[in-house]
Amino acid sequence: MSIQEDFRLAMRRYIYSVSVMSNVGTNGIPNAITVSSVTSISMDPPSLLICINKSSRIHDTLEIGSKFCINLLNKDQEELSNICSDEGRYEQRFSDENWNLDNVPFLENAQANIHCKVDQLSSYHTHTIVVGLVEGANSLSNIATLTYVDGEYR
Ligand SMILES: Cc1cc2nc3c(=O)[nH]c(=O)nc-3n(C[C@H](O)[C@H](O)[C@H](O)COP(=O)(O)O)c2cc1C
């Protein structure tokens, strides 16, 4: 087996929390993408990072200073995760009634919302590491996070 295949199998053993990253482009079109690569960086300043594939629709809309939201999904939002990770279902991404589209789109019924501003963009081959400065966050009291391991939701 190749190093890539060994690495892929090893990474499938991690348990990921599933989020949807959302923003609105300068053209006014909202974007949403399922992501598992969200990691906190520091509390001072409050910051996180996400690794975004350069081939994704949202990628080129992520500019320094632009706003986005990380919406941590609940166990019952598996279908939304599927929609936001399926190129063919792009038109359905904002059909869920729980999206608040007043400004930067965010999911009103998410397990948590973390509102950020892009602080740094770092290119790494196929991906860009996006550093977000946290401008606000909220979370539900009951813990029911949607998780993903070995290619399946748990
Ligand atoms: C559980 C899960 C986690 C994912 N995590 C990431 C991620 O962290 N970064 C990324 O670029 N794509 C990730 N993807 C893949 C994108 O969601 C998928 O390629 C999406 O269709 C890209 O957006 P687009 O269709 O608007 O181009 C993930 C997919 C799933 C199912």
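Suppose we filter the stretch 145-154 for residues that are touching a helix residue (DSSP H, G or I) at 6+ places or on another chain (Cβ under 6 Å) and surrounded by 19 or more Cβ atoms within 10 Å (Cβ to Cβ); how many remain?
1
Kindly indicate which of Ser47, Ser37 is touching a His at 6+ places or on another chain (Cβ under 9 Å) and either among the hydroxyl-bearing types (Ser, Thr, Tyr) or within 19 Å of Phe94 (Cα to Cα) (or both).
After applying the criteria, what remains is Ser37.
With Asn71, Asn23, Asn109, Asn100 as the choices, which residue is touching a Phe, Trp or Tyr at 6+ places or on another chain (Cβ under 7 Å), at pLDDT 95 or above and away from the ligand (no atom under 16 Å from the Cβ)? Let's see the steps before the verdict.
Working: Asn71 fails: away from the ligand (no atom under 16 Å from the Cβ); Asn23 fails: away from the ligand (no atom under 16 Å from the Cβ); Asn109 fails: touching a Phe, Trp or Tyr at 6+ places or on another chain (Cβ under 7 Å).
Testing whether each residue is touching a Phe, Trp or Tyr at 6+ places or on another chain (Cβ under 7 Å), at pLDDT 95 or above and away from the ligand (no atom under 16 Å from the Cβ) leaves just Asn100.
Check the stretch 34-42 and report whether any residue there is buried (at least 19 other Cβ atoms within 10 Å of the Cβ), more than 8 Å from the ligand (Cβ to nearest atom) and under 15 Å from the mean Cα position of the chain (by Cα).
Checked the stretch 34-42: no residue is buried (at least 19 other Cβ atoms within 10 Å of the Cβ), more than 8 Å from the ligand (Cβ to nearest atom) and under 15 Å from the mean Cα position of the chain (by Cα).
Counting only residues that are without any contact (Cβ under 8 Å) to a residue 60 or more places away in the chain and of a type in the set (S, T, N, Q), give me the strands (runs of 3 or more DSSP E) lying completely in the stretch 1-55 with at least 3 of them.
39-43
Being away from the ligand (no atom under 11 Å from the Cβ), among the hydrophobic types (A, V, I, L, M, F, W, C) and either within 19 Å of Asp60 (Cα to Cα) or touching a residue at least 40 places away in the same chain (Cβ under 8 Å) (or both) is true for just one of Ile129, Ile143, Ile114. Which residue is that?
The unique qualifying residue is Ile114.
On the given criteria, is Cys84 within 11 Å of the ligand (Cβ to nearest atom), over 18 Å from Leu146 (Cβ atoms) and in contact (Cβ under 8 Å) with a residue 12 or more places away in the chain? So that I can check it myself, show each step before the final result.
Working: within 11 Å of the ligand (Cβ to nearest atom): yes; over 18 Å from Leu146 (Cβ atoms): no; in contact (Cβ under 8 Å) with a residue 12 or more places away in the chain: yes.
Answer is no for this residue.
From (1) within 7 Å of the ligand (Cβ to nearest atom); (2) under 19 Å from Gly136 (Cα atoms), pick out the condition that doesn't hold for Leu49.
Going through (1) within 7 Å of the ligand (Cβ to nearest atom); (2) under 19 Å from Gly136 (Cα atoms) one by one, Leu49 breaks only (1).
So Ile64 fits all but one of (1) surrounded by fewer than 16 Cβ atoms within 10 Å (Cβ to Cβ); (2) within 15 Å of the ligand (Cβ to nearest atom); (3) in a loop (DSSP other than H, G, I, E, B); what number is the exception?
(2)
Test Ile50 against the criterion of being in contact with a strand residue (DSSP E or B) (Cβ under 7 Å, 6 or more places away or on another chain), surrounded by fewer than 15 Cβ atoms within 10 Å (Cβ to Cβ) and at pLDDT 95 or above, and give yes or no. Give the derivation first.
On the way: in contact with a strand residue (DSSP E or B) (Cβ under 7 Å, 6 or more places away or on another chain): yes; surrounded by fewer than 15 Cβ atoms within 10 Å (Cβ to Cβ): no; at pLDDT 95 or above: yes.
So Ile50 fails the test.
Tell me the residue from Leu146, Leu121, Leu107, Leu140 that is under 16 Å from Pro30 (Cβ atoms), of a type in the set (A, V, I, L, M, F, W, C) and in contact with a strand residue (DSSP E or B) (Cβ under 9 Å, 6 or more places away or on another chain), please. Break it down stepwise before answering.
Details: Leu146 fails: under 16 Å from Pro30 (Cβ atoms); Leu121 fails: under 16 Å from Pro30 (Cβ atoms); Leu140 fails: under 16 Å from Pro30 (Cβ atoms).
One residue alone meets the criteria, Leu107.
The values are calculated or read from the model by the stated rules, or taken from the named source; none is laboratory data. The structure displayed is predicted, hence computed values, not measured ones. For neighbour counting, all protein chains shown are included, and Cβ atoms are generated from backbone atoms with ideal geometry for every residue, glycine included.
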